[in-house]
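The values are calculated or read from the model by the stated rules, or taken from the named source; none is laboratory data. Computed from a predicted model, the values in this text were never measured in an experiment. Cβ coordinates were reconstructed from backbone atoms using ideal geometry, including for glycine residues, and neighbour counts include every protein chain displayed.
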Amino acid sequence: MPKIKEIERTPNPDAMRFVLAEPLTAGTTRSYENSGEAEHDDLAKALFSIDHVINVYYVDKYITVTQDGGAVWSELLRKLAPPIREAKANQNIAEDEEVHASKEAQESDDPRLQQINQMLDEQVRPYLLADGGGLKVLGLEGNRLKVHYQGACGTCPTASSGTLYAIESMVKRIDPEIQVISV
């Protein structure tokens with residue numbers, strides 16, 4: 001039974017990150033944008049059953065819950081804590097094969113896409129995780145790289161401006177013609 005060690009604010013005012021004393025997963029990332037996606041995940045399903053929850057993202061000792069902006073955090077936190085405390089660690093959860101890159105992006109033979117994913121793994125995703133979120137590469141169509149923010153980053157005002165600009169600057173070192181678009 002994971003115990004909540006800390007509750008941290010994220011750069012997104014509508015998301016909070018729970019730091020647990022014990023890991024829920026062994027490096028496996030889970031990202032859900034609605035209750036339908038979470039139907040086979042007991043923890044995510046329990047969190048989505050709470051009014052105002054619109055996103056659940058978790059990996060290892062971190063759970064990020066995003067709300068729709070219609071709840072007062074002090075009240076919502078009291079409702080979120082019990083299902084998180086009751087969650088059972090599952091070290092055998094299978095990784096969602098498309099959590100960081102779509103099947104299309106994974107199967108691409110474009111060497112630029114492989115370099116971009118490696119650069120994101122090393123230089124971007126660890127920082128997004130620290131802020132309660134992640135980034136999924138959807139694909140590279142011509143010179144347009146499509147990405148999708150996860151967790152707290154999904155509805156964060158700075159993700160669509162500052163972070164996206166920083167990612168595009170890094171990607172331009174791989175190919176100066178690439179434009180990064182968040183969808």
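What residue, of D121, D109, D131, is crowded, with 19+ Cβ neighbours inside 10 Å and of a type in the set (D, E, K, R)?
After applying the criteria, what remains is D131.
Surrounded by 13 or more Cβ atoms within 10 Å (Cβ to Cβ), among the small types (G, A, S), within 17 Å of the chain's Cα centre (by Cα) and on the phi < 0 side of the Ramachandran plot: does that describe S102?
Yes, satisfied.
Residues are listed down the side, and each one gets a yes or a no for (1) of a type outside the set (A, V, I, L, M, F, W, C); (2) closer than 21 Å to Y32 by Cα; (3) touching a Leu at 6+ places or on another chain (Cβ under 9 Å):
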position: D110; (1), (2), (3): yes, no, yes
position: M119; (1), (2), (3): no, no, no
position: A130; (1), (2), (3): no, yes, no
position: G139; (1), (2), (3): yes, yes, yes
position: G142; (1), (2), (3): yes, no, no
position: Y149; (1), (2), (3): yes, yes, yes
position: E177; (1), (2), (3): yes, no, no
position: V180; (1), (2), (3): no, no, yes
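Scan segment 100-123 and tell me whether some residue there is assigned to a loop (DSSP other than H, G, I, E, B), more than 30 Å from I178 (Cα to Cα) and acidic (D, E).
No, the conditions are met nowhere in segment 100-123.
Working only within segment 19-34, note down all residues that are part of a loop (DSSP other than H, G, I, E, B) and crowded, with 16+ Cβ neighbours inside 10 Å.
P23, L24, T25, T28, E33, listed by residue number.
Could you tell me which of the residues L140, L80, L76, L164 is surrounded by 17 or more Cβ atoms within 10 Å (Cβ to Cβ), assigned to a helix (DSSP H, G or I), outside the structural domain of D14 (by TED's automatic domain parsing) and in contact with a strand residue (DSSP E or B) (Cβ under 8 Å, 6 or more places away or on another chain)?
Sole residue among the options that is surrounded by 17 or more Cβ atoms within 10 Å (Cβ to Cβ), assigned to a helix (DSSP H, G or I), outside the structural domain of D14 (by TED's automatic domain parsing) and in contact with a strand residue (DSSP E or B) (Cβ under 8 Å, 6 or more places away or on another chain): L164.
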